[in-house]
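The values are calculated or read from the model by the stated rules, or taken from the named source; none is laboratory data. Small disclaimer: the values here were computed from a predicted structure and weren't measured. Note that each Cβ is placed from the backbone with ideal geometry, even for glycine, and that neighbours are counted across all protein chains shown.
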Amino acid sequence: MRTVLTACVASVSLIATSPPVFAADMPVKAPPIIAPVWSWAGFYVGANAGVARSRTESGTYNGFLFPAILTTDPGGGLLLIPGTVGPLPASSGHDTSWLAGGQAGYLWQRDRVVFGVEADAVGTGLNGGASATATRFPGTTAAETVTVAYSTDIDWMVSIRGRLGYAADRLLLYVTGGGAFARINAGGTTTVTFGPGILVPAPGTYSLTSANTVARFGWTVGAGLEWAKSAAWRFGVEYRHTDFGRLTSTFQIPDGLGGIFATGTVNTRITVDQVTARANWAFAPR
């Protein structure tokens with residue numbers, strides 16, 4: 001009994017002399033470290049290069065196509081056939097070429113949502129066009145053929161667009177859209193071929209060319225992605241579709257005698273699809 005009492009007294013003395021332990025002295029688990037979202041905000045400038053494919057779609061034309069001809073009839077006499085009205089069918093054509101230029105813009109960021117505005121300008125080698133052919137008296141010596149080749153060459157394009165994207169850290173996925181502007185060299189070359197049985201005009205081929213340079217407004221939409229290699233350098237790829245609407249092209253039909261038999265117009269729709277690689281330099285990066 002005395003031994004047990006002595007042990008209890010010793011335990012109480014040890015507790016009394018020990019310093020008190022408070023909750024504040026207990027070890028606290030450190031809060032998790034949350035990596036900051038990569039910032040895409042700010043000004044940037046860059047360059048781009050890629051390929052583009054244009055499509056030219058011409059509508060139908062109905063009007064004077066075939067000049068009057070003097071030929072021989074089956075009995076050996078002379079036969080005068082007046083000029084007639086004929087149709088040119090609708091047609092389409094493609095051209096694929098390079099494009100290169102630069103861009104500049106500004107981005108804002110809210111959490112992972114990135115939005116902003118961008119302007120770009122590119123030069124192109126697109127020489128698009130379409131052609132349509134009509135024939136009178138096919139398979140005879142008095143055959144006449146009229147071929148109109150429409151040209152829609154694009155020298156350069158400019159766009160001003162909005163951008164909206166999602167930032168997955170250093171990867172930015174975005175859509176873009178806005179207005180577009182282009183310089184287009186439009187025109188047409190008309191070729192008339194008279195068969196060997198035609199006396200006047202003389203058998204052969206005659207051509208007339210008309211051309212004019214026009215400025216066209218349109219719209220453009222697309223999507224792309226960018227990757228931030230460093231705080232300043234960003235690389236990406238972008239696809240866009242651009243529609244410049246319908247353009248009125250003029251063509252002249254030769255009469256084979258050194259003059260113009262008729263003048264016609266046709267509505268031509270021009271669209272461009274492009275894929276570009278992009279490199280941007282960000283000012284005042286994070």
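Among the residues in segment 138-152, are any crowded, with 16+ Cβ neighbours inside 10 Å and under 27 Å from ARG278 (Cβ atoms)?
yes
Residues that are among the aliphatic types (A, V, I, L, M) and buried (at least 17 other Cβ atoms within 10 Å of the Cβ) were ranked within segment 159-202; the one that is farthest from the chain's Cα centre (by Cα) is ILE198. All of (1) at pLDDT below 95; (2) in contact with a Ser or Thr (Cβ under 9 Å, 6 or more places away or on another chain) hold for PHE283 with one exception: (2).
Scan segment 81-89 and give yes if some residue there is closer than 30 Å to THR176 by Cα, without any contact (Cβ under 8 Å) to a residue 40 or more places away in the chain, assigned to a strand (DSSP E or B) and of a type outside the set (Ser, Thr, Tyr), otherwise no.
no
When residues in segment 73-126 are screened for being of a type in the set (D, E, K, R) and surrounded by 12 or more Cβ atoms within 10 Å (Cβ to Cβ), 4 of them pass. Looking for whichever is of a type in the set (A, V, I, L, M, F, W, C) and over 29 Å from SER210 (Cα atoms) here; the options are TRP156, TRP108. Which one fits? After applying the criteria, what remains is TRP108. Taking the listed residues VAL221, VAL214, the one that is closer than 22 Å to ALA149 by Cβ and surrounded by 14 or more Cβ atoms within 10 Å (Cβ to Cβ) is VAL214, with no other qualifying.
For segment 251-282, a residue qualifies if it is under 25 Å from the mean Cα position of the chain (by Cα) and polar (S, T, N, Q), and the qualifying residues are ASN267, THR268, THR271, GLN274, THR276, ASN280. Here TYR106 meets each of (1) assigned to a strand (DSSP E or B); (2) of a type in the set (Ser, Thr, Tyr); (3) touching a residue at least 40 places away in the same chain (Cβ under 8 Å); (4) within 27 Å of ASP255 (Cβ to Cβ) with one exception, condition (4). Summed over segment 134-157, residues that are in a strand (DSSP E or B), touching a residue at least 24 places away in the same chain (Cβ under 8 Å) and of a type outside the set (Phe, Trp, Tyr) total 14.
Screening GLY116 against (1) at pLDDT below 95; (2) of a type in the set (Gly, Ala, Ser); (3) farther than 23 Å from ILE270 by Cβ; (4) assigned to a strand (DSSP E or B) leaves a single unmet condition, (1). A count restricted to segment 48-72 and to residues that are crowded, with 16+ Cβ neighbours inside 10 Å and within 30 Å of GLY105 (Cα to Cα) stands at 5. When SER230 is tested against (1) at pLDDT below 95; (2) in contact with a Gly (Cβ under 7 Å, 6 or more places away or on another chain), exactly one condition is not met: (2). Whether a residue is small (Gly, Ala, Ser), surrounded by 15 or more Cβ atoms within 10 Å (Cβ to Cβ) and part of a strand (DSSP E or B) was assessed, and GLY245 does not pass this test. Search segment 185-205 for residues that are closer than 22 Å to ALA149 by Cα and in contact (Cβ under 8 Å) with a residue 24 or more places away in the chain and pair each with any residue that is among the polar types (S, T, N, Q) and in a loop (DSSP other than H, G, I, E, B) when their beta-carbon atoms are under 8 Å apart and the residues are at least 6 apart or on different chains. Close Cβ pairs satisfying both conditions: GLY195/THR140; GLY195/THR141. Residues in segment 166-177 that are touching a strand residue (DSSP E or B) at 6+ places or on another chain (Cβ under 7 Å) and touching a residue at least 60 places away in the same chain (Cβ under 8 Å): ALA167, ARG170, LEU172, TYR174, THR176.
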